[in-house]
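Since the structure comes first, as structure tokens, the remarks are kept for the end.
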Amino acid sequence: MTESGNGPLSGVRVVELAGIGPGPFAAMLLADLGADVVRVDRPGGAGLGIDPAYDVTNRNKRSVLVDLKTPEGVAQVRELVARADVLVEGYRPGVAERLGVGPEECLAINPRLVYGRMTGWGQQGPLADTAGHDIGYIAITGALGMIGSPDGPPAIPANLVGDYAGGSLYLVIGILAALQHARGEDGRGQVVDAAIVDGTAHLTAMIHGMLAAGGWQDRRGSNLLDGGAPFYGTYETADGGHMAVGALEKRFYGEFIRLLGLAQEVPDRDDVAAWTELRAAIAARFRTRTREEWTAVFQGSDACVAPVLSLREAPQHPHLAARGTFVEHGGITQPAPAPRFSRTPGALRRPPARPGADTAEIARDWQAPGLLAAPPAGPSDAPSDAPPGGRSRAEQKDTAG
């Protein structure tokens, strides 16, 4: 029987060709929702450089070890494809085709297959064949240029905006839509081209509307939602911590100023010319107490103020703890599956997959005896065009953060 939890994607079979960054995260989302995700790892690993036991993006998955540079490895992947609903790959354009597991080959085997492609630049365009990372993708879409103070360089939002928001989430949306179509009257699969540049640009839709309407200035730190407004930003506290303020609406702002103790001492918030003075007054007031003290002041209010927590602090926040937003599984504290479902909840069923550890189990459950052929002995030889100390230029992933 297919390995799955009780999530809404229970019974959906996914083949993930191992990579790093947004592809594995997208496959983790599908696995969290109950899909049976088989990760096809390659000899030598995918290059993330951490112990696989701690790679949370491979939770809820199972793994087989396959060398796609061999005819036997290609045959093994095709055997899985014939039984799958979805395939996820994050190679540069043309690499999957060269290896013999591109869309044409896979859809010929399984016409209902949803073939999900995760890249940074997309399958076409002048940059399609070049290397890249999250920071470059969000740079050319205008997203990076919006983030940060007006008198400093753009602030780097880790690799959350490009790789995961503009990449993984859009790949999952595309896969789910294509899967719905494949299960309809048409009954045909298709290719989902999820490019990080496309998804990130799509995320800026509202801002583009505001820009066209004259409600957004095309420079950072000058607008309502980018830190330009003194009542939407972060402030340092006496102990070096920070508080986040989002008092946009006037009634919430009134509560904020009252609890801050500045109700009678600051200029009108609607006077944009006085925003510098207002910001200075708020900043000075926040520096009079610690983060913990200000958290207590605003606790339970509608002032829209929250402490800025670190990754290690976040799981202990009372609200997140009450909701179970973070869980501990296999000794690792990690985000729980999201979103939540009333009838078919997702769950953490398995720890991060170890490369090749589940071959016999998958061969049995997927009825794929070809997987039981002798596994690769070790890392395959580097191709002749590989740079010193690295992988072939053609095979390097272009979606790592």
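The values are calculated or read from the model by the stated rules, or taken from the named source; none is laboratory data. Worth saying up front: this structure is predicted, and the values here are computed from it rather than measured. When we count neighbours, we look across all protein chains shown, and the Cβ atoms used for this are built from the backbone with ideal geometry, even at glycine. Side chains included, ligands, DNA and RNA excluded: accessible areas come from the protein's heavy atoms. Shrake-Rupley method; radii C 1.70, N 1.55, O 1.52, S 1.80 Å.
Of all residues being more than 18 Å from the chain's Cα centre (by Cα) and part of a helix (DSSP H, G or I) in region 22-65, which is farthest from residue 117 (Cα to Cα)? Just the residue, please.
Among residues in region 22-65 that are more than 18 Å from the chain's Cα centre (by Cα) and part of a helix (DSSP H, G or I), the one farthest from residue 117 (Cα to Cα) is 53.
I need a count of the residues in region 88-106 that are more than 15 Å from residue 69 (Cβ to Cβ) and open to solvent by 20 Å² or more (accessible area, probe 1.4 Å).
Qualifying residue count, region 88-106: 4.
Identify all residues within region 316-337 that are in contact with a helix residue (DSSP H, G or I) (Cβ under 8 Å, 6 or more places away or on another chain), among the hydrophobic types (A, V, I, L, M, F, W, C) and open to solvent by 40 Å² or more (accessible area, probe 1.4 Å); write none if there are none.
320, 321, 326
Consider residue 44 carefully, then state whether it is modelled with pLDDT under 90 and on the phi > 0 side of the Ramachandran plot.
In short, yes.
Among the residues of region 66-97, how many are farther than 28 Å from residue 125 by Cα, touching a residue at least 60 places away in the same chain (Cβ under 8 Å) and assigned to a helix (DSSP H, G or I)?
The number of residues fulfilling the criteria is 8.
Is it the case that some residue within region 202-211 is open to solvent by 40 Å² or more (accessible area, probe 1.4 Å) and on the phi > 0 side of the Ramachandran plot?
Within region 202-211, not a single residue is open to solvent by 40 Å² or more (accessible area, probe 1.4 Å) and on the phi > 0 side of the Ramachandran plot.
Looking at region 125-145 only, could you name the residues that are hydroxyl-bearing (Ser, Thr, Tyr) and buried (at least 16 other Cβ atoms within 10 Å of the Cβ)?
Across region 125-145, the qualifying residues are 137, 141.
Of the residues in region 109-124, how many are over 19 Å from residue 181 (Cβ atoms) and loosely packed, with under 14 Cβ neighbours inside 10 Å?
1
Give 33, 68 a once-over and let me know the one that is under 19 Å from residue 351 (Cα atoms) and either open to solvent by 10 Å² or more (accessible area, probe 1.4 Å) or among the aromatic types (Phe, Trp, Tyr) (or both).
33
Of 151, 186, 129, which residue is in contact with a Gly (Cβ under 8 Å, 6 or more places away or on another chain) and under 28 Å from residue 102 (Cα atoms)?
Every option except 129 fails the conditions.
In this structure, does residue 238 turn out to be loosely packed, with under 15 Cβ neighbours inside 10 Å, of a type outside the set (D, E, K, R) and outside any helix (DSSP H, G or I)?
In short, yes.
Of these, 261, 233, which one is more than 27 Å from residue 153 (Cβ to Cβ), among the small types (Gly, Ala, Ser) and free of Cβ contacts under 8 Å to residues at least 60 places away in the same chain?
Going through 261, 233 in turn, just one is more than 27 Å from residue 153 (Cβ to Cβ), among the small types (Gly, Ala, Ser) and free of Cβ contacts under 8 Å to residues at least 60 places away in the same chain: 261.
With the requirement that a residue be part of a helix (DSSP H, G or I) and open to solvent by less than 60 Å² (accessible area, probe 1.4 Å), what does region 281-315 give you?
281, 282, 283, 284, 286, 291, 294, 295, 297, 298, 314, 315
Can residue 192 be described as buried (at least 19 other Cβ atoms within 10 Å of the Cβ), touching a Gly at 6+ places or on another chain (Cβ under 7 Å) and within 30 Å of residue 288 (Cβ to Cβ)?
no
Identify the residue in region 146-177 that is more than 20 Å from the chain's Cα centre (by Cα) and of a type in the set (Gly, Ala, Ser) and, among all such residues, is most open to solvent (accessible area, probe 1.4 Å).
So, considering only residues that are more than 20 Å from the chain's Cα centre (by Cα) and of a type in the set (Gly, Ala, Ser), the one most open to solvent (accessible area, probe 1.4 Å) is 149.
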